[in-house]
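Here's the structure, in structure tokens; my notes come after.
The values are calculated or read from the model by the stated rules, or taken from the named source; none is laboratory data. What you are looking at is a predicted structure, and each value in this text was computed from that prediction instead of being measured. Virtual Cβ from ideal backbone geometry, glycine too; neighbours counted across all protein chains shown. What goes into the accessible areas is simple: the full protein's heavy atoms, side chains included, and nothing from ligands, DNA or RNA. Shrake-Rupley method; radii C 1.70, N 1.55, O 1.52, S 1.80 Å.
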Amino acid sequence: MASKEIRYKEHTFKLSYELVNPAQERVLLVLHGWGSNKEIMKQAFGNMLPDLKHIYLDLPGFGKSSNEMVLTTKDYGAIVRLFLEALGVEAAIAMGHSFGGKVATLLDTPCLVLLSSAGVVTAKPWSVKVKIATFKLLKPLGMKKIRELFVAPDAQGMSHEMYETFKNVVDEDFEAEFAKSRSKALCFWGKEDTATPLYTGEKIAGLIADSVFYPLDGDHYFFLTHKDFIAEAITEHCKDID
């Protein structure tokens, strides 16, 4: 395990990362989802794709990487670019799960691997809409306990900066960014995924001009049981892309 300090918009980020197959030249960058860290991605793919140098990164504010700034997804993309520059590498393949898929898309790598990526706004259930409306009515009272009652499970226990970042990215419409992508995209999705439903994957694959879509059995973390198939598809479609 290693770390790299990055300076961005007058803030210093200490980014934790891990290399696998460091002697290889072609680089695979792997980005985790919101509330997760590099360890789950390494668990899935650390023993796969031996011909690639893997970089597993804790995104700012997750795992062992620091963050003291309110960020947007584009900020995350800029920070990751600076991180790669600091390492002196260019990624041939960027793989991202959920929120990490949005960040990976911004990197414009020759090959893009999306695992149930976020980025398509979905309709909120009526119960969620009621909670949001009630919170907005009670917010002027400034009661901390009220905030704790209404905060999303993915945001509980966060610092102020990370909670504000969460609000920036959670309902972000990223369709225009997918449509601008010129990467060769492999889109893998869990058929039973409720966090980023299957239809959102079909939409993203339709937005990216050069894409292949793979619906697979499983939920939002389907890739843990389909790592072999995913690795084979990456080898097939990305081997000659640089």
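Surface exposure of the chain, expressed per residue as accessible area with a 1.4 Å probe, stands at 49 Å². Val70 sits among other residues whose Cβ lies under 15 Å from its own Cβ, and their net charge, with Lys and Arg +1 and Asp and Glu -1, is -3. Between Asn168 and Arg81, the FRET efficiency from the beta-carbon distance, with R0 = 22 Å, is close to 0.75.
What FRET efficiency comes out for Ser159 versus Leu19 if R0 is 30 angstrom and r is the Cβ-Cβ distance? Round to the nearest 0.05. With R0 = 30 Å, the Cβ-Cβ based efficiency is 0.60.
Here the translational diffusion coefficient of region 182-236 follows from Stokes-Einstein with Rh set to the Kirkwood radius across Cα pairs; for 25 °C and 0.890 mPa s it amounts to 215 µm²/s. Neighbours of Leu198 by Cβ distance under 12 Å: Lys/Arg scored +1, Asp/Glu scored -1, total -3. Overall shape of region 1-96 was characterised from the C-alpha gyration tensor. The equivalent ellipsoid obtained from it has semi-axes of 22, 14, 11 Å, in decreasing order.
Accessible area per residue was computed with a 1.4 Å probe on protein heavy atoms; Trp189 scores about 0 Å². Which shape class, rounded, prolate or oblate, goes with region 151-225 when its Cα gyration tensor gives a ≥ b ≥ c as root eigenvalues, a/c under 1.5 marks rounded, and past that a/b bigger than b/c marks prolate? Oblate is the answer for region 151-225, as a/c is 1.5 or above yet b/c matches or exceeds a/b.
Take the cross-link list Lys42/Lys227; Lys42/Lys184; Lys38/Lys239; Lys53/Lys180; Lys53/Lys184 and give me the ones stretching past 21 Å between alpha-carbons. Lys42/Lys184; Lys38/Lys239; Lys53/Lys180, as the Cα separations exceed 21 Å there. Report the residue, chosen from Ala104, Ala195, Ala94, that carries the largest GNM mean-square fluctuation when the chain is represented by alpha-carbon nodes joined by springs under 10 Å. Of the options given, Ala195 has the highest mean-square fluctuation. Shown are Tyr163, Tyr221, whose ranking by accessible area with a 1.4 Å probe and every protein chain present, most to least, is Tyr221, Tyr163.
Measuring with a 1.4 angstrom probe and ignoring ligands and nucleic acids, Asp228 comes out at about 90 Å² accessible.
Element breakdown for the chain at a 1.4 angstrom probe: carbon and sulfur atoms account for 52% of the accessible area.
Taking the Cα centre of the chain as reference, the dipole from Cβ charges on Lys and Arg (+1) and Asp and Glu (-1) amounts to some 940 debye.
Considering the chain as a Gaussian network with a 10 Å cut-off on Cα pairs, which listed residue, Lys180, Lys14, Lys53, attains the greatest mean-square fluctuation? Most flexible of the set in this elastic network: Lys180. Normalised Debye scattering of the chain at q = 0.07, 0.08, 0.14 Å⁻¹ gives log10 I(q)/I(0) of -0.23, -0.30, -0.91, counting only Cα atoms as equal scatterers and leaving out solvent. For the pair Ala123 and Gln43, a Förster radius of 22 Å applied to the C-beta separation gives a FRET efficiency near 0.10, rounded to the nearest 0.05. Placing dummy labels 7 Å off each Cα toward the beta-carbon, the span from Ala179 to Arg7 is 3.9 nm.
Label-to-label distance for Glu90 and Lys239 is 2.2 nm, based on points extended 7 Å past Cα in the beta-carbon direction.
A Gaussian network model of the chain, with springs between Cα atoms under 10 Å, assigns the largest mean-square fluctuation among Val120, Val30, Val103 to Val120.
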